[in-house]
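Quick notes on the structure that follows.
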Amino acid sequence: SLRNQKELTDNSGMVIVSPDENYAREIMQLFSIGLVQLHPDGSLKLSSSGQPIPTYGQADIIDLARVFTGWSFSKRNNPSASDTVVDNTTFNYGNGNRYYQAQWLNPMKQFPDFHDTAAKTVLGLSFPEGRSGEDELADFLDHLGAHPNIAPFIAKRLIQRLVTSNPSAGFVHRVSTAWTSSDGNLRDVAKTILLDYEARSPAAASLVGA
């Protein structure tokens, strides 16, 4: 998402720069809601034809890539081969030659000239024309965090990494409920996982892989 910028066209109207869709896809597919809609126990929601229901489509990816435009380094090393840190004022500033830790240790900042301010819609959330990059990012992250897929999607992956690779639907449901009731408080979620019957009972452990 770094140095992702709004669409640019040449004098003939040919698109020469497009917003990068990579992180827009990854934040939904890998880090938050996954590809298909889920029940709280992690099981698939199915359409009337018996097919899994997608959580998002290509139109969501395209408009989310536009939401993510305009962000670049907030700091840089000047000279680049020194450890002197200064504010970065150039959107396309590179990674430096030798010392460049300042770029990665500080949050990115918004460069309004490179942000797409046209209207957008992502996961049902509408962004009116003229919004700032900071406001659009904050609103989208709140919207994503309230998505019903967040709880079961992340709950199952936390269980798989902390306890068992094949948790029961009940285990996922209990952790998903803890996520929802605590508004994603990881302390409460981790406690629920590690103190669950399936995490502590030898009898439950013996059923893994059965």
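The values are calculated or read from the model by the stated rules, or taken from the named source; none is laboratory data. As the structure is a prediction and not an experimental result, all values here were calculated from the model. Cβ placement follows ideal geometry from the backbone for every residue including glycine, while neighbour counts extend to all protein chains displayed. Just so you know, the surface numbers come from the protein's heavy atoms only, side chains and all, with ligands and any DNA or RNA stripped out. Shrake-Rupley method; radii C 1.70, N 1.55, O 1.52, S 1.80 Å.
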Checklist entry - What is the Cα radius of gyration of the range 27-94 over 2.2 N^0.38 Å, N being its residue count? => result 1.89
Checklist outcome for this item: Between ASP87 and SER43, the FRET efficiency computed from the C-beta separation at R0 = 45 Å comes out, to the nearest 0.05, as 0.35
Checklist entry - So which GluC sites (Glu not before Pro) in the range 61-169 pass both tests, a DSSP loop state and at most 13 other Cβ atoms within 10 Å of the Cβ? => result GLU129
Item to check | Over the chain: Kirkwood hydrodynamic radius from C-alpha pairwise inverse distances, Å | outcome: 19.9 Å
Checklist outcome for this item: Cα gyration tensor of the range 145-210 diagonalised, 5x eigenvalues square-rooted, in angstrom largest first, produces semi-axes 21, 12, 8
Next on the checklist: Let me check against my output: what whole-number percent is the relative contact order of the chain, with C-alpha pairs under 8 Å and at least 6 apart?
Outcome noted: 19 percent
Next on the checklist: Suppose each label sits 7 Å from its Cα in the direction of the beta carbon; what would the LEU8-SER126 distance come out to in nanometres?
Outcome noted: 3.2 nm
Checklist outcome for this item: Note to self, the chain gives a 222 nm [θ] from helices alone (DSSP H runs n ≥ 4, -39500 (n - 2.57) apiece, / all residues, nearest 500) of -10500 deg cm²/dmol
Item to check | Solvent exposure, largest accessible area first (probe 1.4 Å, DNA, RNA and ligands not counted), of HIS173, HIS115 | outcome: HIS173, HIS115
Next on the checklist: Rounded to the nearest 20 debye, what is the charge dipole size of the range 87-172 about its Cα centre when +1 sits on each Lys and Arg Cβ and -1 on each Asp and Glu Cβ?
Outcome noted: 640 debye
Checklist outcome for this item: Expressed in square angstrom to the nearest 10, the accessible area of MET14 with a 1.4 Å probe stands at 120 Å²
Checklist outcome for this item: Log entry: pair-distance distribution for the range 1-62, C-alpha pairs binned every 10 Å from zero, whole % per bin is 19, 34, 24, 15, 7, 0
Checklist entry - Taking only Cα atoms, what is the 0 to 90° angle, nearest 10, from helix 150-162's long axis to the longest principal axis of the chain? => result 70 degrees
Item to check | GLN29 paired with THR177, simple spin-label distance in nm, labels 7 Å along Cα-to-beta-carbon | outcome: 3.4 nm
Item to check | the chain: most fluctuating residue of ILE33, ILE150, ILE53 per GNM, C-alpha cutoff 10 Å | outcome: ILE53
Item to check | Whole-number D in µm² s⁻¹ for the range 1-117, Kirkwood Cα-pair radius fed into Stokes-Einstein, 4 °C, 1.567 mPa s | outcome: 77 µm²/s
Next on the checklist: Show me the trypsin sites (Lys or Arg not before Pro) within the range 1-87 that DSSP assigns to loop and that have at most 14 other Cβ atoms within 10 Å of their Cβ.
Outcome noted: LYS45
Next on the checklist: Just to be sure I understand the model, the point goes 7 Å from the Cα along the line to the Cβ. What's the resulting ILE16 to ASN106 distance in nm?
Outcome noted: 3.0 nm
